[in-house]
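The block underneath contains the structure these notes are about, expressed in structure tokens.
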Amino acid sequence: MLEKQIRETVKYIKGKTGILPEAAIVLGSGLGGFADSLEDAVILPYEEIPGFAVSTAPGHKGQMVLGKKKGRYVLCLQGRFHYYEGYTMAQIVYPVRVIKALGTPKLILTNSCGGLNPNFKPGDFMLITDHINFMGANPLTGPNEDWLGCRFPDMTKAYNQELAGKARACAKTLSIDLKEGVYVGYGGPSFETPAEIRMFQMLGGSAVGMSTVPEVIAASHCGLEVLALSCITNLAAGILDQPLSGEEVIETAGKAGRKFTELLEKIVEII
Ligand code: HPA
């Protein structure tokens with residue numbers, strides 16, 4: 001059933017553009033700008049793509065944009081589906097599986113998140129080297145989709161080393177001090193409590209956010225090469241004596257957006 005639906009989605013996308021994207025990029029909250037500058041762009045609103053849910057999160061446009069950047073043909077998702085919006089894990093990872101079925105081998109995931117490492121500053125970028133799933137759910141729960149991957153997928157190489165190396169090199173070229181660390185996936189939509197943040201710090205987390213983890217698990221299951229990058233939009237709850245707000249997250253991501261786009265462009269050029 002899922003396979004049939006995915007094949008239908010793939011057929012729809014292939015009918016709109018005959019070119020196979022070399023990489024897919026999921027653009028997180030406030031980071032959608034990269035897709036606005038694609039050449040020969042084909043825009044597909046999620047509501048018109050068979051099988052896709054519609055994203056409701058602020059700072060997310062809810063459309064797929066296919067086009068060229070630095071001579072590379074890429075597929076961008078301007079907006080993703082979050083667990084806190086009420087989507088099922090299957091809906092959240094649907095686009096990842098479509099990317100695999102299209103034949104696109106590489107997936108770049110981006111997000112906005114809160115810094116757990118007190119040395120991080122709002123506006124910093126972080127390469128995700130690993131994650132802790134604290135969402136209380138896993139997208140692979142239920143009958144295994146054998147045509148996508150195995151029942152118990154290995155997660156030790158979920159974050160592709162070669163792509164990580166290329167991202168480091170691109171950051172260096174652009175004089176960006178790219179941080180690295182472990183991303184903690186939290187369900188939300190309430191921000192974490194200061195006590196939860198202290199726990200995540202003790203567990204070895206570097207940043208916390210409400211996305212990405214389900215997509216990485218599904219991507220790893222089906223054998224996509226994953227690169228994941230965060231924009232630290234705030235220090236996590238309780239680190240500073242100030243309340244958190246969703247507006248602050250979008251605002252900081254928006255301000256960092258130009259530099260983030262530059263980094264993404266460089267990465268797309270060499271992967
Ligand atoms: N916590 C969870 N998700 C987030 C945060 C945060 O502090 N900032 C941006 N997304």
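The values are calculated or read from the model by the stated rules, or taken from the named source; none is laboratory data. As the structure is a computational prediction, the values presented were derived from the model and not from experiment. Here Cβ is always computed from backbone atoms with ideal geometry, including for glycine, and neighbour counts include all displayed protein chains. Surface areas here come from the heavy atoms of the whole protein model, side chains and all, with no ligands, DNA or RNA. Shrake-Rupley method; radii C 1.70, N 1.55, O 1.52, S 1.80 Å.
Summing +1 for each Lys or Arg and -1 for each Asp or Glu among the other residues whose beta-carbon sits under 13 angstrom from that of Ser211 gives -1. Placing pseudo-labels 7 Å out from each Cα toward the beta carbon at Glu265 and Asp241 gives an inter-label distance of 4.3 nm. Partners of Lys4 within straight-line reach, counting lysines whose Cα lies under 22 Å from its Cα and excluding those fewer than 8 residues away in the same chain: Lys14, Lys16, Lys100.
Just so you know, the Cα atoms of the range 59-112 work out to an Rg and Dmax of 12.1, 38 Å. Sites counted here are trypsin sites (Lys or Arg not before Pro) in a DSSP loop (not H, G, I, E or B) having no more than 14 other Cβ atoms within 10 Å; the longest part of the chain that contains none of them is 158-271.
A viscosity of 1.567 mPa s and a temperature of 4 °C, combined with the Kirkwood radius over C-alpha pairs in the Stokes-Einstein formula, give the range 68-166 a diffusion coefficient of 80 µm²/s. Computed with every protein chain present, the accessible area of Asp177 is close to 100 Å² [probe 1.4 Å].
Each label point was placed 7 Å from the Cα along the Cα-to-Cβ direction; for Thr141 and Asp154 their separation is 2.7 nm. Computed on the chain, with alpha-carbon pairs under 8 angstrom and 6+ residues apart, the relative contact order is 26 percent.
Measure up Lys106/Lys166; Lys121/Lys255; Lys70/Lys266; Lys70/Lys179; Lys11/Lys61; Lys61/Lys179 against 20 Å on the Cα-Cα distance and list the ones that go over. Please list the in-between numbers first.
Details: Lys106/Lys166 13 Å; Lys121/Lys255 13 Å; Lys70/Lys266 9 Å; Lys70/Lys179 25 Å; Lys11/Lys61 23 Å; Lys61/Lys179 27 Å.
In this structure, Lys70/Lys179; Lys11/Lys61; Lys61/Lys179 exceed 20 Å between Cα atoms.
For the pair Val42 and Lys172, a Förster radius of 35 Å applied to the C-beta separation gives a FRET efficiency near 0.60, rounded to the nearest 0.05.
If you build the Cα gyration tensor of the chain and take the root of 5 times each eigenvalue, what three semi-axes come out, in whole angstrom, biggest first? Numbers along the way, then the final one.
Working: eigenvalues 148, 91, 61 Å².
For the chain, the semi-axes come out at 27, 21, 18 Å.
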